[in-house]
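Have a look at the structure below before the remarks.
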Amino acid sequence: MDVVDARPILAPFVSFLCAGLVFAVGRSIFWRRFFTFLAAFIKMGLVLSMLPGTLRGVVYVYDFVEFTPGIGIAFRADAYGMFFALVSSTLWLFTTIYAIGYMQGDRDRVRFFGFFALCVSTTVGVAFAENLLTFFLFYETLTICTYPLVVHAETPEALRAGRIYLTYTLIGGGFALVGAVMVNAVAGTLTLSQPGILSGDLGTPTLAIIFTCLTIGFGVKAGIMPLHGWLPIAMVAPTPVSALLHAVAVVKVGAFGVTRVIYNVFGVELLGVLGFTVPLAFLAAFTIVASSTIALTQDHLKRRLAYSTISQLSYIVLGAALLTPLAATAAIIHVANQAFAKITMFFVVGAIARTTGKKHVSEIDGIAARMPISMAAFTIAALSFVGVPLTAGFITKWYLALGALEADAWWFVLVLIVSALLNAGYFFPIVHRAYFRPAKEPWPTLEEGRRFETAKTLLFPIVICAAYVLLLGVTAEVPGMPFSIAQVAVESFFAGGGVVP
Amino acid sequence: MNAGWAEALPWTIVLPMVGAVLTPAVAARRPRLAGTWAWGVLLVASALASGLVYQLATTGPFSYDVGGWAQPYGIELRFDHFSAWVLPLLLLFVVIVPFSWRYLDHVMPDERRPAFYALLLLNAGGMIGFCVTGDFFNLFVFTEVVSLSSYALVAVGGRGLAAFAALKYLFIGAVSSLLMLFATAQLFALTGSLNMADVAGRLADVGGGPAVMVAFAAYAVSFMVKTAMFPVHVWLPDAHAIAPSPVSAVLSGMVVKIGIIGMLRVYQVFFAADVLELGAFNQTLVWFGAISIVMGAFFAIFQDDIKLMLAYSTISNIGYIVLGLGLASPYAVIGASVHVFNHALIKATLFLAAGAIIHQTGLRTLSDLRGIARRMPQTSAAMAVGAVSIVGLPPTAGFVCKWYIALGAFESGQAPFGFALVFGALFIFIYYVRMLNAFYFQEPVHDVVIEANEAPWSMRAPVIVLATLCLVLGVLGGIPLSFVEPAVLELLPFWGN
Amino acid sequence: MKPWSLLLVLLVALPLVVGVVNLPPHDAPDAPIHTGVGVRYLARGVEETGNKNLVTAVLLNYRGFDTFFEVVVIFTALAAVLALPRGSAADPGGAPAAAAKAANGSDIVPVSPVVSYVVRLMAPFMAMFALAMLFRGHVTPGGGFQAAAVFAAIFIALGLVLGPTRVAELVPDDWRPWLQGAAPLAFALIAAIGWRLTGAFLGFPTDDHTAQEAMGLFLEVGIALGGGVILARLFVEMET
Amino acid sequence: MLLFGLDLDYVLVVVLFCVGLYMLVSKSNLLKKLLGLNVMETAVFAFIVTSGMIEGGDPPILVAGTAAPYASPIPQAMVLTGIVVAVSVTAVALALIVQIHAHFGTIEVDELKELP
Amino acid sequence: MSDVFDAVMLSLLIATAVSVARARDLLAAVVIFSLYSLTMTLVWQHRGAPDVAMTEAAVGAGVTTVLFLITIARTTRREKP
């Protein structure tokens, strides 16, 4: 049942305020850090305070402003929104710690941290959007706020990456706008609170146009194959940006959008009848396999991770496209699993680049001797991606396989197996080189008085995220943990029909 | 006999006029006093205007008979929801005038300031009168006041080139005013009255002959020229680019809207009389609107001079509004009418910010102004906010209207125009990305840019206020929308849906 | 003959002809013009406004608002000319152009004595005619503008003969900005008085004829003076 | 007066309007263009006053010498205002032309177009 | 009789307008234009509009022509072909 509460708008507003303060008073390093941390903790507190309610099925709603009857900006913290907000606010905390360590002595840090806070505020805004208008509003603002971060280095190729990024995302934004407006025109309402607001008798051609526009619109950011071009190029951004944005915030917003379209705009029954999701599922499967194969060939560490992100995202799209409760659970839970695992990897790659200056797979032979803890975390994350039990990745693959069988699309299970092998194909060589290859030339030894391999601020988030990967893997059935929120979300999506596990 | 604030209606028009006439007298001794005098007059006028809007909000549209003569015999001033545009118009003037105090230092010698501020006040008064009058011939007279002051304001800045651009503007503007006068005379010959409401009544029993059609066509063409729509937009880019920045902000933001408000007035009359079948005309409006969007954006991309590019983007945004009007569906017209205000606000931000940069560095082209953001952070930030909002990206004011016009397009079944609307505008963002890159992410080339310091406070404050308004209205866009809605719904039954 | 411009002219001309031809015949007594709003002006115009010349009645009383802003348009023209940068490219400061300076230093363009004598002789009679037109305006054709034009004609004629600077001295400097705005200020004043008397902006009291007469006359004088000074000033500004 | 069924006065007014428009559009000399504009303006005023005429009507001045039917006073008031507006526009245009000549040394549009 | 007067006056008007267009010398063009205004004054007078006639004569023919003459004095007198 809906409870009117200000917290869904306070969460995005907190980091918006923090961005304002950072821009205003950013010159002094202390105040900048103080405000960023304060905002991170308050946001975490707000989201966690709403968690018990969500688990009990309470939905916090807040209508902010009404343009004309039926069209306005409103916030709604339903289970799925809460799940995504929880993931992104926890990761924002860790990434801030990491960014402070990583950006030491870099230039324009005021601009960096200001826009960084803005991006997260829009991500949480997307999570809590009650209707498509608010969703689109935060979706496009995210594009604008990430542009300065992508071109942060101000080098010619950074500008080129920024331009490509904007072209892709703005054209995508255009399609999303057209789709959203058509939904508003055709369905009369924009709300995302119902398990589906479009009706079958609107005629398949219109529905087809709406579905394609929305999927292209959100698919650009979800990195579905033909639209993924910007992601590898955007890796030129500093690592904290790649970590949080291109592994968590920006791409997940796209995947979140696709799932919202499937579950809340069209609804499971209508799509089952129309069958639009079948081609989408095939496209997702193709993306998984194709991007994994490309990842094999990438020597640059961050680009390899980028292609792995593209393939992992399509897991979520595939799960949603299968239209069965189990697959839906897998899709939602994978949002968290992939986030924590991928962010650990990016942190590790960033730490390696920061301490030893090595950026390529071929250059990191025997690094485990020099940076044991980081490489251990990297291995855990790699295991999670391959889907080894006890790690988060395993749960997704397990439920995804069950979902595929439930949707009697057995060949998807084959795709999962192939992709697991491919994941192993491009992650294990890294682990192998790190541990079992002798170092080509001796690694720069620890400066005296330094007990850990890299700066504490870099190491601490790596360890925490790796722990999370394991925690998520183990605590699937424990109530109160992310998995249970996913189940509450799936209940709301499949309120109409289908069995819930 | 008139409700509370209605008494102030004629005085709101007359006040800027009398202020303008007195400016040379007041500032005879100290020319720089003219700026403060003009600002004072505009402040008082906007106070009156807010009283009028308050009256409109409480008791609905009201009218005022000048000279005490009953409705069709004297001149009637009618204040309805569309004329509520007077208040934001005056508030924009109140923000622009302080900007011009310091800006005029490099534009004209001091002794010509009183004449400049007189022209600015006359322009404001003329536009207020235009939005408020309920009499066709009075409409013509106010158009002349506005146009004549605009021709002069364009030529005030530069030397021969500005005069040539102003003269081109004058010739096309005069021809369009003549067409308006011809249409007024035609309607007078057909109905024997000049009062809009009365003409609507009498036109109904005159029936829809070719003469009525020609009268409407003459009005339509005249307003299309005034609002620089696609086929007749040639005069706008040079005129708005050469004019001093505060003048360009006034011209692009408000004077160009005269055509739109005129078209709405003419719609009201011809549809109350219900004598014309308007499907074909709406369709041409939609086509011209769409072409204006794409064409304006397309030309804007190739300009290197900031102000010339902003002038072309005005054509593109006018295309928005005309497309909205042509679609004739409730949401589209609401979006178009509110975009009249939003575009004025955004364009004022952009022109004033560009003006501040030109004032500080003397450079106008993008390639020269590389790396300006380091030295002029606040002005460049305002420029960035303006750039994002002119394309209509979400957090800003431009987005809400774009959503409504697109909604109207899809609701009235003209989907291709919805697509044209959304993607046509993205063209222009290519230029803005180039601009933002040049400002923020490239090293300065000229040393004048390297040591440029932030604009003086009297120029920076208006720019910052306008930029914050652009952002705030993106979220609180509801206020103007819900304000205009009753007027549009009252107008729409005549559009046959 | 330029084909393109001919085409454009025809494109504009044809609809106008179609529109104009379908109007009721131009001097038909039953045309809507003569049966519309005009009937009341013809029937009750004289006793309501006290003006026998109905055109002046309509101009000043019924549709006084139009004339108010028409006078403002004239002032705009003057403000425009004053605001424009003057002077040639050579001395952009707007200093009086050297060309006007005649050889003998004073700015009189050499004019034959016959012309200057005739002009100086005619000046008072022209002034007399202007005043007549002004004060008889509410009875016979004439009124503010015509008087203004004749006053301006006197200024311009004398200016040509005696040189513009000498004529400029006729209007004392610190009076000039006020005189320039005489017409709109007169209208504003009358509007205020009308508002006080009849409660309506620019309202003439229909019963009290003397007040009507006085206010009408005040407006006429305002327009004549204001218009005259503006037109003369236009001449002086364009000349230098 | 009717000529092949058309109202001659009105048609001649439109012809006058077209002569003015042609002058404005085709002539390259700015002064000639302005003269064309003035001709167009007087043409529209002619149209307004002609529409206010009445058969054998006297001027609307109710003194001894005149008798009904009277020409309608409103068009005449409109034209009076129109003439004054036309003069103001012409004055501004002439000031601009002087400015252009002072700066470019020519007032021919063809030559002005070639200048930078 | 008055119709004939009308027709003659209007055709004279059009003739003067055309000759203004064709005149090469700008001074001649302006003079013909003032003639055009004076003819227009006669037309107004005939159509029962004395007020307009006087204004046209004074303002139309008088002031406009003088302003044009001043401009010609400040610019060029010949129209280049």
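The values are calculated or read from the model by the stated rules, or taken from the named source; none is laboratory data. Just so you know, these numbers come straight off a predicted model, no measurement behind them. Neighbour counts run over all protein chains shown; Cβ positions are idealised from the backbone, glycine included.
Step by step: first the residues of segment B:22-45, then only those that are surrounded by fewer than 21 Cβ atoms within 10 Å (Cβ to Cβ) and small (Gly, Ala, Ser), then the one that is farthest from the other protein chains (Cβ to nearest Cβ). Which residue is that? Top of the filtered list is B:Gly40. Counting only residues that are facing another protein chain (nearest Cβ under 7 Å) and touching a residue at least 24 places away in the same chain (Cβ under 8 Å), which one in segment C:58-74 is nearest to the chain's Cα centre (by Cα)? Taking the candidates together, the pick is C:Ile74. Applying the criterion of being more than 7 Å from chain B (Cβ to nearest Cβ) and either more than 31 Å from the chain's Cα centre (by Cα) or surrounded by fewer than 15 Cβ atoms within 10 Å (Cβ to Cβ) (or both) to the residues of segment C:14-23, the residue that is farthest from D:Ser51 (Cα to Cα) is C:Leu14. Condition test on C:Leu10, is it more than 7 Å from chain B (Cβ to nearest Cβ), touching a strand residue (DSSP E or B) at 6+ places or on another chain (Cβ under 6 Å) and either outside any helix (DSSP H, G or I) or surrounded by fewer than 24 Cβ atoms within 10 Å (Cβ to Cβ) (or both)? No; evaluated as a whole, the condition is false for this residue. Exactly one residue out of C:Asp174, C:Asp208 is more than 13 Å from chain B (Cβ to nearest Cβ) and free of Cβ contacts under 8 Å to residues at least 60 places away in the same chain, and it is C:Asp208. Summed over segment B:364-379, the residues that are within 19 Å of B:Ala311 (Cβ to Cβ) and either hydrophobic (A, V, I, L, M, F, W, C) or assigned to a helix (DSSP H, G or I) (or both) give a count of 2. Being outside any helix (DSSP H, G or I) and surrounded by 21 or more Cβ atoms within 10 Å (Cβ to Cβ) is the requirement here; does B:Leu393 meet it? Judged against the criteria, B:Leu393 is a match. Among the residues of segment B:57-87, count how many are surrounded by fewer than 21 Cβ atoms within 10 Å (Cβ to Cβ) and modelled with pLDDT of 90 or more. Here the count works out to 0.
In this structure, does C:Asn61 turn out to be at pLDDT 80 or above and more than 30 Å from B:Ala218 (Cα to Cα)? Against the criterion (at pLDDT 80 or above and more than 30 Å from B:Ala218 (Cα to Cα)), C:Asn61 does not qualify. Condition test on B:Val463, is it more than 9 Å from chain A (Cβ to nearest Cβ), buried (at least 21 other Cβ atoms within 10 Å of the Cβ) and either touching a Gly at 6+ places or on another chain (Cβ under 9 Å) or polar (S, T, N, Q) (or both)? Yes; evaluated as a whole, the condition is true for this residue. List, please: which pairs have Cβ atoms under 6 Å, are six or more places apart or on different chains, and start with a residue in segment D:18-30 that is under 20 Å from B:Ala166 (Cα atoms) and end with one that is basic (Lys, Arg)? Cβ pairs passing all conditions: D:Leu24/D:Lys33; D:Ser26/C:Lys2; D:Lys27/D:Lys33. Restricted to segment C:27-56, and to residues there that are more than 7 Å from every other protein chain (Cβ to nearest Cβ) and part of a helix (DSSP H, G or I), the residue that is surrounded by the most Cβ atoms within 10 Å (Cβ to Cβ) is C:Thr56. Within segment B:425-443, is there a residue that is in a helix (DSSP H, G or I) and among the acidic types (Asp, Glu)? No: zero hits. With the requirement that a residue be over 19 Å from A:Phe13 (Cβ atoms), surrounded by 15 or more Cβ atoms within 10 Å (Cβ to Cβ) and hydroxyl-bearing (Ser, Thr, Tyr), what does segment A:28-82 give you? Answer for segment A:28-82, where residues must be over 19 Å from A:Phe13 (Cβ atoms), surrounded by 15 or more Cβ atoms within 10 Å (Cβ to Cβ) and hydroxyl-bearing (Ser, Thr, Tyr): A:Thr54, A:Thr68, A:Tyr80. Out of everything in segment D:27-66 that is within 23 Å of B:Leu187 (Cβ to Cβ) and hydroxyl-bearing (Ser, Thr, Tyr), what residue ends up being modelled with the highest pLDDT? In this case the residue turns out to be D:Thr42. Scanning segment B:404-438 for residues that are closer than 18 Å to B:Leu308 by Cα, β-branched (Val, Ile, Thr) and more than 9 Å from every other protein chain (Cβ to nearest Cβ) yields a single hit, B:Ile428.
Please verify whether segment C:154-171 includes one or more residues that are modelled with pLDDT of 85 or more, on the phi < 0 side of the Ramachandran plot and in a helix (DSSP H, G or I). The answer is yes; a qualifying residue exists. Evaluated against (1) within 22 Å of E:Arg78 (Cα to Cα); (2) among the β-branched types (Val, Ile, Thr); (3) free of Cβ contacts under 8 Å to residues at least 24 places away in the same chain, D:Val85 falls short on exactly one condition, (1). Of the residues making up segment B:260-268, not a single one is part of a helix (DSSP H, G or I), within 16 Å of B:Gln303 (Cβ to Cβ) and not hydroxyl-bearing (Ser, Thr, Tyr).
Report yes if some residue within segment A:4-13 is assigned to a helix (DSSP H, G or I), over 26 Å from the mean Cα position of the chain (by Cα) and within 30 Å of A:Met345 (Cβ to Cβ); otherwise report no. No. Within the option set A:Ala158, A:Ala153, being assigned to a loop (DSSP other than H, G, I, E, B), in contact (Cβ under 8 Å) with a residue 12 or more places away in the chain and surrounded by fewer than 24 Cβ atoms within 10 Å (Cβ to Cβ) holds for one residue only, A:Ala153.
Results for (1) outside any helix (DSSP H, G or I); (2) within 30 Å of B:Pro377 (Cβ to Cβ); (3) modelled with pLDDT of 75 or more; (4) of a type in the set (Gly, Ala, Ser), shown as yes or no for each residue.
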| residue | (1), (2), (3), (4) |
| --- | --- |
| B:Val449 | no, yes, yes, no |
| B:Glu454 | yes, yes, yes, no |
| B:Pro462 | no, yes, yes, no |
| B:Leu466 | no, yes, yes, no |
| B:Leu469 | no, yes, yes, no |
| B:Gly474 | no, yes, yes, yes |
| B:Val484 | no, no, yes, no |
| B:Ala487 | no, no, yes, yes |
| B:Pro493 | no, no, no, no |
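Among the residues of segment D:31-41, the one identified as in contact with an Asp or Glu (Cβ under 8 Å, 6 or more places away or on another chain) and either over 22 Å from E:Ala21 (Cα atoms) or without any contact (Cβ under 8 Å) to a residue 40 or more places away in the chain (or both) is D:Lys32. Can you pull out the residues in segment B:410-433 that are farther than 26 Å from B:Thr365 by Cα and free of Cβ contacts under 8 Å to residues at least 12 places away in the same chain? Across segment B:410-433, the qualifying residues are B:Phe410, B:Gly413, B:Ala415, B:Pro416, B:Phe419, B:Phe423. Within segment D:91-108, the set of residues being more than 9 Å from chain B (Cβ to nearest Cβ), in a helix (DSSP H, G or I) and in contact (Cβ under 8 Å) with a residue 12 or more places away in the chain comprises just one member, D:Leu94.
For E:Gln45, the criteria (1) under 18 Å from D:Thr81 (Cα atoms); (2) surrounded by 19 or more Cβ atoms within 10 Å (Cβ to Cβ); (3) within 13 Å of chain C (Cβ to nearest Cβ) hold in every case but one, which is (2). Does B:Ile428 satisfy the criteria of being out of contact with any Pro (no Cβ under 8 Å at 6 or more places or on another chain), under 29 Å from B:Ser329 (Cβ atoms) and surrounded by 21 or more Cβ atoms within 10 Å (Cβ to Cβ)? Answer is yes for this residue.
Taking every residue in segment B:147-158 that is on the phi < 0 side of the Ramachandran plot and pairing it with any residue that is of a type in the set (D, E, K, R) and surrounded by fewer than 24 Cβ atoms within 10 Å (Cβ to Cβ), at least 6 positions away or on another chain, yields no pair with a Cβ-Cβ distance below 6 Å.
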